[in-house]
Each structure stands twice: as structure tokens, then as C-alpha cells.
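**Student:** Have a look at the structure that comes next, please.
Every number in this text was worked out from the coordinates using simple rules, so none of it is lab data. Note that the coordinates shown come from a computational prediction; the quantities given were computed from them, not determined experimentally.
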Amino acid sequence: MRIVKEAEERKEEILDAAEKLFGTKGFDHTSTNDILEAVGIARGTLYYHFKSKEEILDGVIERISNRLMLDAGKVIRDTELPVLERLTKAILALNVESEIGHEVMEQVHRPQNALMHQKMQQQLLDGITPLFSELVEEGVRQGICHTDYPGEVVEMTLIYANTAFDELNMEGLSQEKREQKIDGFIYNMERLMGMEEGSLQDTIRKVF
């Protein structure tokens, strides 16, 4: 058990160093030698945990995704707050705030990293859908939402939002087109959840 624990601790040290280096130097300008020097380990030790720099980035992405889902989950389960307030805060909790996190996300969104992007989206979708479904189900019980398919509503909303509001799809749009896109998203989200028109305006607009 002691050996396993030490191996996990070493793996976390590698990810800590890599995440910091990717954020300060960028993924392309960070070498495995940089990571080795930062952690103070031999190459064989690094390759015991990760076969390549890309695999290390996968590990960093997984860790960031898990942190985001943990933060969102804490908000969603804080039942002292109203449902719609929790919805706003949970969506905001999914935003990467740190400079290091932003650098990692930039790597994910590059065209050459399309598979990585897809893997992260699927991981977040698998983790987030059940969390947000809990909120919708609570909204149904309170009479705020009216749908027999909370999980499917959340899944469809997340998939659309991830695509339609991706930085690449929003780039170059006029302010008028952006506003129209947001208004259309809110309107259709309300229809999917069976909510009164305008009831999500304040909630969702805070996210944008």
C-alpha cells in the first residue's frame, strides 16, 4: 500500500509541474526535460507514469475537468440556495479561472488537438449531465420546470452550448448577432424545460 501511495503522489507531482509549465511556457515550448527538471526525477520514472507529453496533457485535462465538476457539484447540492441561483453559480463554476487553466484550454481548442477536445467534452458531459439533471428534477418538483426528460434536456442543452458558444464559433460575430444567439438559446432552453418565457433571462445572461 505504501508503494502505491508513493506512486500516486509522484504522479500528482508530475501533473503539478506540467500544469504550471504549460501555463507559463505553453504546451509546445515545454519539453519533457523541463518537466523532469521541475520534479527532480529520472526519465524512467516519468515514463512509468506517462508515455508521452501528450499523455501528460491528458492527465492535466482530466484533473481540471474533475475539479470543475467537483466545484459545480458543491453548488448544486447547496439546497439553501434557490434552484435558479444554483444553476447560475454551477455554470459559472465550470469556467476555468486560472491563467494556467486557460493555457491548457487553449491547447485543447487547437484544431490539431481535436481528439483531445472531444475527449474532454465527453468527460465533462458524462460528469455534468447527472449533476444538472438533479437541479432540473428539483425544479420540476417545485413547479418551476415541466419536463418528463430532465436528463435528455440537460444533455441536449450542454451539447448545443459547447458547440454554438465555442470561441471559434463566436469569433467575428457582431454584438447584435451575439445577442440574438444568446436570446435564441435562452428562449429554446426555456421551451425544453417547460418554463415560463423570460424566466431564465437573468439566470443565463449572467453567464455570458
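**Student:** Just tell me, in residue order, which DSSP H segments of the chain are both 18 angstrom or longer along the helix axis (alpha-carbon based) and at least 0.0 in mean Kyte-Doolittle hydropathy. Mind showing how you got there, number by number?
**Tutor:** On the way: long enough: 2-25 (34 Å, -0.88); 53-76 (34 Å, 0.09); 114-141 (39 Å, -0.11); 150-164 (21 Å, 0.47); 175-193 (27 Å, -1.24).
Result, helices passing both filters: 53-76, 150-164.
**Student:** Work out, step by step, the length gained on full extension between Asp34 and Arg77: first 0.36 nm times the residue separation, then minus their alpha carbon distance; give nm to one decimal. Each step should come with its number before you reach the end.
**Tutor:** Working: separation 43, 0.36 × 43 = 15.48 nm, distance 4.05 nm.
Working it through step by step, the gained length comes to 11.4 nm.
**Student:** Working out 0.36 nm times the residue gap between Met170 and Phe208, then minus their Cα-Cα distance, what length gain in nm do you get to one decimal? Display every interim value, and only then the final one.
**Tutor:** Details: separation 38, 0.36 × 38 = 13.68 nm, distance 1.18 nm.
Stretched fully, the Met170-Phe208 segment lengthens by 12.5 nm.
**Student:** Still on this model: Filter Lys89/Lys119; Lys51/Lys119; Lys20/Lys51; Lys181/Lys206 down to the pairs with a C-alpha to C-alpha distance above 21 Å, please. All intermediate terms of the calculation are to be shown ahead of the outcome.
**Tutor:** On the way: Lys89/Lys119 25 Å; Lys51/Lys119 18 Å; Lys20/Lys51 19 Å; Lys181/Lys206 15 Å.
Checking Cα-Cα distances, Lys89/Lys119 exceed 21 Å.
**Student:** Okay, helix-only estimate at 222 nm for the chain: each DSSP H run of n ≥ 4 adds -39500 (n - 2.57), divide by all residues, round to 500 deg cm²/dmol; what do you get? Intermediate values should be presented prior to the final figure.
**Tutor:** Details: 11 runs with 156 residues, N = 208.
The per-residue figure over the chain is -24500 deg cm²/dmol.
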